[in-house]
Amino acid sequence: MIVHARHDERGKLKYGKKGDQTGGEVKITPWIYFKQNVVLRPIDKSIGNKMVEAGKWLARSNFVGYDQANRLTLFKELEKIDFDYTRLKKKCECDCSAFINCLANIAGISVDENLRTKNMKAPYLKTKKFKALTARKYLKSDKWLRKGDIVLAEGRHVVLVCTDGEKVQKRYNRRLIGKYMVTSKNLNLRTGAGLKYTIKKKLHKNDVVICTGYYFPKWYQVSSGTMKGWVRKKYLKRIYQ
């Protein structure tokens, strides 16, 4: 998923009404291909996380619309409230690059409000808070993108990635494949790698599971019978035969 400023309420680029009139001027959408040529990845993940949370909040607030003729009004309003976007109460405007510039400043990265898609790459890299990725795998799909990545087509459009791609979410190491014994009295088999995911099954001490080789920090993907899910790896002990 991505968040980006797209067009005004009429599908035009200039002179629309202030604020998001349709809920679609600044919007969270599935990934799209728009001839992007570089990804600016935050070196510190916390920067990307802050940008994403702010971007999603602003997109859902309907305070922010699209208008290239008044693209700096969002930045000016945020300046008045020290970039505490949750205090924004006035309808304003931006365009795709102005929106990203606002999010960077919200995350504590000082970039010029006037930067546009044609000239924003170098100043962002100059902050030393981002690195440039240009390999094909980062540009042709969202599989290798991370939450907080800025995807840029210079001179055309720019968006912010809201979710990790499938290749980032889970990693693979074939050496992990094998049998493991559960060491905890009760261990939850979950649908994903995290406590927020739904419990599919309760495992018990001395149960034997098979690791698929996929892992995430602190988690292994395992199969138990015909059921596959994720468990905390610290509660597993490998069985060597």
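The values are calculated or read from the model by the stated rules, or taken from the named source; none is laboratory data. Note that this is a predicted model, so its numbers are computed, not measured. Neighbour counts are summed over all protein chains in view; Cβ atoms, including those assigned to glycine, are modelled from backbone coordinates with ideal geometry. Just so you know, the surface numbers come from the protein's heavy atoms only, side chains and all, with ligands and any DNA or RNA stripped out. Shrake-Rupley method; radii C 1.70, N 1.55, O 1.52, S 1.80 Å.
Principal axis extents for the chain, Cα atoms only, whole Å, descending order, please.
Between the extreme Cα coordinates on each principal axis of the chain lie 70, 35, 31 Å.
Which of the pairs Lys147/Lys205; Lys50/Lys237; Lys56/Lys228; Lys45/Lys200; Lys179/Lys205 have their Cα atoms more than 25 Å apart in this structure?
Lys147/Lys205; Lys50/Lys237; Lys56/Lys228; Lys45/Lys200
Say each of Lys185 and Asn62 gets a label point 7 Å from the Cα, pointing the same way as Cα to Cβ; how far apart are those two points in nm?
5.1 nm
Quick one: dipole size for the chain, taken about the Cα centre, charges +1 on Lys/Arg Cβ and -1 on Asp/Glu Cβ, in debye to the nearest 20.
1500 debye
Distance in nm between label sites at Tyr33 and Lys218, each 7 Å beyond Cα in the beta-carbon direction?
3.8 nm
Based on alpha-carbon positions alone, could you give the equivalent ellipsoid semi-axes of region 145-202 from the gyration tensor, as √(5λ), descending, whole Å?
Values for region 145-202, descending: 36, 15, 7 Å.
Would you compute, from DSSP H runs of 4+ residues alone, the mean residue ellipticity of the chain at 222 nm, taking -39500 (n - 2.57) per run and dividing by the full residue count, rounded to the nearest 500?
The per-residue figure over the chain is -5500 deg cm²/dmol.
Pairs of Cα atoms under 8 Å, at least six residues apart: use those to get the relative contact order of the chain, whole percent.
18 percent
Roughly how many nanometres apart are two label points built 7 Å out from the Cα toward the Cβ at Ser141 and Arg10?
4.0 nm
Taking only protein heavy atoms and a 1.4 Å probe, what accessible area per residue, in Å², does the chain have with all protein chains in place?
Ligands and nucleic acids excluded, the result is 54 Å² per residue.
Using +1 at the C-beta of Lys and Arg and -1 at the C-beta of Asp and Glu, which of Tyr235, Asn119, Asn186 has the Cα lying farthest in the positive direction of the dipole of region 115-241?
Tyr235
With charges set only on the Cβ (+1 for Lys and Arg, -1 for Asp and Glu), what does the dipole of region 121-241 come to about its Cα centre, in debye to the nearest 20?
Once rounded to the nearest 20, the dipole reads 380 debye.
Report Rg (one decimal) and Dmax (nearest whole number) for region 66-182, counting Cα atoms only, units Å.
Spelled out, the Cα radius of gyration and Dmax of region 66-182 are 18.2, 63 Å.
Helix 96-106 sits at what angle to the longest principal axis of the chain, using alpha carbons and giving 0 to 90 degrees rounded to 10?
Long axis of 96-106 versus the principal axis of the chain: about 70 degrees.
Multiply the residue separation of Lys131 and His204 by 0.36 nm, subtract the distance between their alpha-carbon atoms, and state the gained length in nm to one decimal.
That works out to 21.8 nm of additional length.
Considering only the other residues whose Cβ falls under 11 Å of the Cβ of Arg41, what net charge follows from Lys and Arg at +1 and Asp and Glu at -1?
Around Arg41, the surrounding residues sum to +3.
Just name one of Ser110, His204, Pro217: the one whose Cα is farthest towards the positive end of the charge dipole of the chain (beta-carbon charges, Lys/Arg +1, Asp/Glu -1).
His204
When the Karplus curve 6.51 cos²θ - 1.76 cosθ + 1.60 is applied with θ = phi - 60°, which whole-Hz ³J(HN,Hα) does each residue of region 79-88 get, with x for Gly and Pro?
Per-residue couplings from phi come out as 4, 5, 10, 6, 6, 8, 4, 5, 9, 5 Hz.
Highest GNM mean-square fluctuation, the chain, Cα pairs closer than 10 Å: which of Lys80, Lys18, Lys202?
Highest fluctuation of the listed residues: Lys202.
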